[in-house]
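First the structure, in the form of structure tokens, and then the observations on it.
The values are calculated or read from the model by the stated rules, or taken from the named source; none is laboratory data. What you are looking at is a predicted structure, and each value in this text was computed from that prediction instead of being measured. Counting neighbours? That spans all protein chains shown, and the Cβs are built from the backbone with ideal geometry, glycine included. Each accessible area value is taken on the protein alone, full model and side chains, heavy atoms only, with ligands, DNA and RNA left out. Shrake-Rupley method; radii C 1.70, N 1.55, O 1.52, S 1.80 Å.
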Amino acid sequence: MIRPEDLLHPTPAGLYCPPGDFYIDPVRPVDRAVITHGHADHARAGHGAVLATRQTLAIMAERYGADFTLQPQSVEYGEATVINGVDLRLAPAGHVLGSAQVEVRWKGLIMVVSGDYKRRRDPTCAPFEPVPCHVFISEATFGLPVFSHPPADEEVERLVRSLGQFPERAHLVGAYALGKAQRIIRLLREAGWDRTIYVHGALERLNALYEREGVDLGPLAPTRDLPKNALGGEVAIAPPSAIQDRWARRFADPVTAFASGWMGVKARARQRGVELPLVVSDHADWNELTATFTEIKPEEIWITHGREEGLLRWAEINGQKARALRLVGYDEEDEEALDVRPD
Ligand SMILES: [Zn+2]
Ligand SMILES: [Zn+2]
């Protein structure tokens, strides 16, 4: 019987598969990469060949240009492919549009790399599918029992209530450009907000890509051409960094909101000067993580990028074999510093 470490093991460039000679979400340029999703810390430019879902390839092309790799290979969820004799399949991860778990199968051993994932409903992407496996490699961004995210629709209802309460103030919502912004817009639509939603220039291309992929975002307009102090009682969505920079100063006395799993930590909201923290996360919280382990029941769990200790302790108590993988180069919440073009 082969050992899991023979099939996948961490290296400075990322998780490497020796028999297949490929990396999963490498943080350095490599000859052959399999990419779980389009967030910039997972999907970097400059790899020789890239295998990913069609949507992830489209996101990378949008971000880095069509020549981001010499050899793109798109696969559908569930479609079987082989790289150098190693069987590979992608399954939905429920994180952002096109996000995938990678199932790697070789000589009877099945390992699944979750990438980033969540189990909550998200109207902008396919839901997470549990894949039976011997080894499940899980992210751990919110891997502590204190992290328990409320229902996202209730958070967005708080935003809609605030709009009713402060009809003269613009509501500026900080949301990451890939995934979070589109999810907030969809949730606003589901909450009955059918007016024009204003968007920062840095979100426009990914919004358009989501629309092309069949995610209806409703009427949108750029904030670029608005007069000063416009948007009383309206919503504008921008990358989190823009909420604190010059862009936000064009609005008089705005309500500032920020949609992030980290907004569950009151000190973080205070520190960022966020008046209306919205706890909306594209990562699994503690309950989602442990429920996923219980559901999949792998022989072994490998835990990476985030808070490993609590989950290791949980595994020990529950008789589950587990280890921490020290992979470096992944952000706590994706693309914080990324992709903010002038608006
Ligand atoms: Zn991500
Ligand atoms: Zn990540």
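Structural remarks
- The calculated FRET efficiency for residue 267 paired with residue 74, based on their beta-carbon distance and R0 = 35 Å, is about 0.25.
- Rolling a 1.4 Å probe over the protein heavy atoms of the stretch 18-110, with every protein chain left in place, gives an accessible area that is 47 percent carbon and sulfur.
- Antiparallel DSSP beta bridges within the stretch 62-214, percent to nearest 5: 80 percent
- Ranked packing of 236-243, 32-39, 130-137, 207-214, most packed first, by mean Cβ within 10 Å: 32-39, 236-243, 130-137, 207-214
- Taking a ≥ b ≥ c as the square roots of the Cα gyration tensor eigenvalues, the stretch 34-171 comes out oblate, since a/c reaches at least 1.5 and a/b does not exceed b/c.
- Working note: Cα gyration tensor of the stretch 174-232, eigenvalues times five, square-rooted, sorted largest first, giving semi-axes of 19, 14, 10 Å.
- Within the same chain, lysines fewer than 8 places from residue 321 are excluded, and of the rest, those with a Cα less than 26 Å from its Cα are 107, 118, 297.
- Whole-percent pair-distance distribution, where bins are 10 Å wide, for the alpha carbons of the chain: 6, 26, 33, 22, 10, 3, 0
- Computed about its Cα centre, the charge dipole of the chain is approximately 520 debye, with only Lys, Arg, Asp and Glu carrying charge at their Cβ.
- Per residue accessible area of the chain, 1.4 Å probe, in Å²: 40 Å²
- Rounded if a/c under 1.5, otherwise prolate or oblate - the stretch 78-150, Cα gyration tensor axes: oblate
- Among 181, 305, 283 the positive-end extreme of the charge dipole of the chain (Cβ point charges): 181
- For the stretch 120-279, the fraction of 1.4 Å probe accessible surface lying on carbon and sulfur atoms is 51 percent.
- A simple packing score, the average count of other Cβ atoms within 10 Å per residue, orders the peptides 93-99, 168-174, 295-301, 191-197 as 93-99, 168-174, 295-301, 191-197, with the highest score first.
- The simple Förster model, with R0 at 35 Å and r as the Cβ-Cβ distance, assigns residue 190 and residue 67 a FRET efficiency of 0.40.
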